[in-house]
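Below: one structure, written as structure tokens.
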Amino acid sequence: MSEVNEGSIKKDEALQAIPDDKRQHWITPAMIFGGLEFTIPVLMVAATLVGSYGLSEIFLILIIALFGIQWIGNALQGYIGAKTGRASSVIARTSFGAKQARFIVGLTIFVVSLGWWAVQTSVAGNAISAMLGVDYTSQWGMWALITTVAGLLFAVPSIIGYSSMKWTDYIAVPAGLLLVAAGIYFALDSNGVESITSWDPEPTIGILAAISLIIGANVSQWVIAADYTRYAKPTIKDNALIPTGIVLVGFPLFLVGAVMSVGVGDADIVNVMMNLGFPFWGFLILWFATWTSQLVNNYSMGLALSNMLNVNSNRGRALLTFGGTLLAIIVALAGILDYFMDFLNMTAIVYPAIAGIMMADFFFIRKQTWKDNHGWNWMATIAMVVGILVGYLTQYVIVFGIPAVQSLIVTGIVYYIAMKIKAQIAPDHFTHIINEDDRDVNQKQIDSRV
């Protein structure tokens, strides 16, 4: 590695806070967020929705899901990252305790980020295979080679570090926009305007289930947003604006995925593109566009693994990111794409529970401060289990509402109540700030009587 590159990334440490003088304009993390949203699962979810709804209905569903729900979760978690300057798995040390944050939160972020990366690498392998005339459904060996090479190329910028990632996004996001334009053109050329606008299938899933699918494709951001906003300025304005990257890219991309999939009847975006008659360059652009979200998943995977193993150096983070990449390629080759919807539902249950604890702790207990609490906070464990259970029951047993939102809210409430009770019964270093607040209130009451 050259001295210039080493100098530009040596500060990209996994555990330390980003100094105030290294913070950047909100457009930079917004651009990375936009790249995060330019993801294959968005197109696949859109293809699933078009099997139940017309475009006007999907438009309204997207308004509710992205503007009404997703933006709020991203802004809250993003603000926590900017305020503390730390990565998500490190922020979790305050509420979960360092030990639990390393082995539970860190492992969760690592596994889910690895899963997303593997899913998209599989699709990218399909796309490049189609471009080269390789039948990815039968020529496994050649597909595996192509997928491995594509995955390694995906990983390079995230292994180098944050500074390399942002420049890659500046190149890849425009490529994604070109894919959007091409998708609209070939869809109109193949199906015609009237057949697309008049599309009105019989619904097989409800409105809330449709919203849940969209949230499921984005819910990981409610936790990992801090990995990127730690480079942003800690202002409410900046962190309210940063999620525009998600919405401004996600909204049209969902719609384009729906338009492309009308009449095709297949959620495999590569099959959709082949049916629409995309030329070889279309599949190449799909790979470039996928690169943006792959960087984010890979980078978060490396940060989480660094926190798990308590590695803070940039060299250590880079090596762990590379190791995680190799493992993710193995998962991709093993066929994770066949379980995409199950994986999507799983993330929509687990991530909100973690986010609910982090948000409740930061905003309502710590008063927007961070502390590296050692040990294991069992109140966080209990709250997380309850939240995951609520998400599971309302997702699979008694289908109700929007499981991800319900899981987040219930987890936050249970955690707050549990911490208040613990502060009274068995106070420790996790509840120290609560007891301090209570003493301050009591003192003020005494002073007022005097």
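Quick one: in the range 188-205, of everything that is of a type in the set (A, V, I, L, M) and more than 30 Å from the chain's Cα centre (by Cα), which residue is surrounded by the fewest Cβ atoms within 10 Å (Cβ to Cβ)?
By that ranking, first place goes to Val193.
Can you tell me which residues in the range 12-31 are in contact with a Ser or Thr (Cβ under 9 Å, 6 or more places away or on another chain) and either modelled with pLDDT under 80 or assigned to a loop (DSSP other than H, G, I, E, B) (or both)?
Those that are in contact with a Ser or Thr (Cβ under 9 Å, 6 or more places away or on another chain) and either modelled with pLDDT under 80 or assigned to a loop (DSSP other than H, G, I, E, B) (or both): Asp12, Glu13, Ala14, Leu15, Ala17, Trp26.
Taking Gly401, is it open to solvent by less than 90 Å² (accessible area, probe 1.4 Å), closer than 21 Å to Ile214 by Cα and modelled with pLDDT under 95?
yes
Sort out for me the helices (runs of 4 or more DSSP H) sitting completely within the range 32-112 that have 3 or more residues that are farther than 30 Å from Val193 by Cβ.
Where helices (runs of 4 or more DSSP H) fall fully within the range 32-112 and carry at least 3 residues being farther than 30 Å from Val193 by Cβ, they are 71-84, 88-96.
Just checking, how many residues over the range 367-389 are among the aliphatic types (A, V, I, L, M) and open to solvent by 70 Å² or more (accessible area, probe 1.4 Å)?
Residues that pass the stated criteria total 3.
Being in contact (Cβ under 8 Å) with a residue 60 or more places away in the chain and either open to solvent by 40 Å² or more (accessible area, probe 1.4 Å) or of a type in the set (D, E, K, R) (or both) is the filter; apply it to the range 313-330 and report the residue that is nearest to Asp227 (Cα to Cα).
The selected residue is Arg317.
Inside the range 222-252, can you point out the residues that are among the aliphatic types (A, V, I, L, M) and closer than 15 Å to Ile72 by Cα?
Listed by number, the residues that qualify are Val223, Ile224, Ala225, Ala226, Ile236, Ala240, Leu241, Ile242, Ile246, Val247, Leu248.
Answer yes or no: is there a residue in the range 366-377 that is within 22 Å of the chain's Cα centre (by Cα) and modelled with pLDDT of 95 or more.
no
What is the residue count in the range 252-287 for residues that are open to solvent by 30 Å² or more (accessible area, probe 1.4 Å) and either outside any loop (DSSP other than H, G, I, E, B) or in contact (Cβ under 8 Å) with a residue 40 or more places away in the chain (or both)?
Number of matching residues: 15.
Say whether the condition of being over 22 Å from the mean Cα position of the chain (by Cα) and open to solvent by less than 30 Å² (accessible area, probe 1.4 Å) is met by at least one residue in the range 337-349.
No, every residue in the range 337-349 fails to be over 22 Å from the mean Cα position of the chain (by Cα) and open to solvent by less than 30 Å² (accessible area, probe 1.4 Å).
Among the residues of the range 223-240, which ones are in a helix (DSSP H, G or I) and open to solvent by 10 Å² or more (accessible area, probe 1.4 Å)?
Answer for the range 223-240, where residues must be in a helix (DSSP H, G or I) and open to solvent by 10 Å² or more (accessible area, probe 1.4 Å): Ile236, Lys237, Asp238, Ala240.
Does Val450 satisfy the criteria of being modelled with pLDDT of 95 or more and either open to solvent by 90 Å² or more (accessible area, probe 1.4 Å) or touching a helix residue (DSSP H, G or I) at 6+ places or on another chain (Cβ under 6 Å) (or both)?
Against the criterion (modelled with pLDDT of 95 or more and either open to solvent by 90 Å² or more (accessible area, probe 1.4 Å) or touching a helix residue (DSSP H, G or I) at 6+ places or on another chain (Cβ under 6 Å) (or both)), Val450 does not qualify.
Could you go through the range 351-358 and let me know if any residue there is β-branched (Val, Ile, Thr), buried (at least 24 other Cβ atoms within 10 Å of the Cβ) and touching a helix residue (DSSP H, G or I) at 6+ places or on another chain (Cβ under 9 Å).
Within the range 351-358 (the criterion being β-branched (Val, Ile, Thr), buried (at least 24 other Cβ atoms within 10 Å of the Cβ) and touching a helix residue (DSSP H, G or I) at 6+ places or on another chain (Cβ under 9 Å)), the answer is yes, since at least one residue qualifies.
Taking the range 307-355 on its own, how many of its residues are among the small types (Gly, Ala, Ser) and at pLDDT below 85?
Matching residues across the range 307-355 total 2.
Inside the range 206-222, can you point out the residues that are assigned to a loop (DSSP other than H, G, I, E, B) and either touching a helix residue (DSSP H, G or I) at 6+ places or on another chain (Cβ under 7 Å) or open to solvent by less than 10 Å² (accessible area, probe 1.4 Å) (or both)?
Val219, Ser220
The values are calculated or read from the model by the stated rules, or taken from the named source; none is laboratory data. Quick caveat: nothing in here was measured; it's all calculated off a predicted structure. Note that each Cβ is placed from the backbone with ideal geometry, even for glycine, and that neighbours are counted across all protein chains shown. For accessibility, only protein heavy atoms count, side chains too; no ligands or nucleic acids. Shrake-Rupley method; radii C 1.70, N 1.55, O 1.52, S 1.80 Å.
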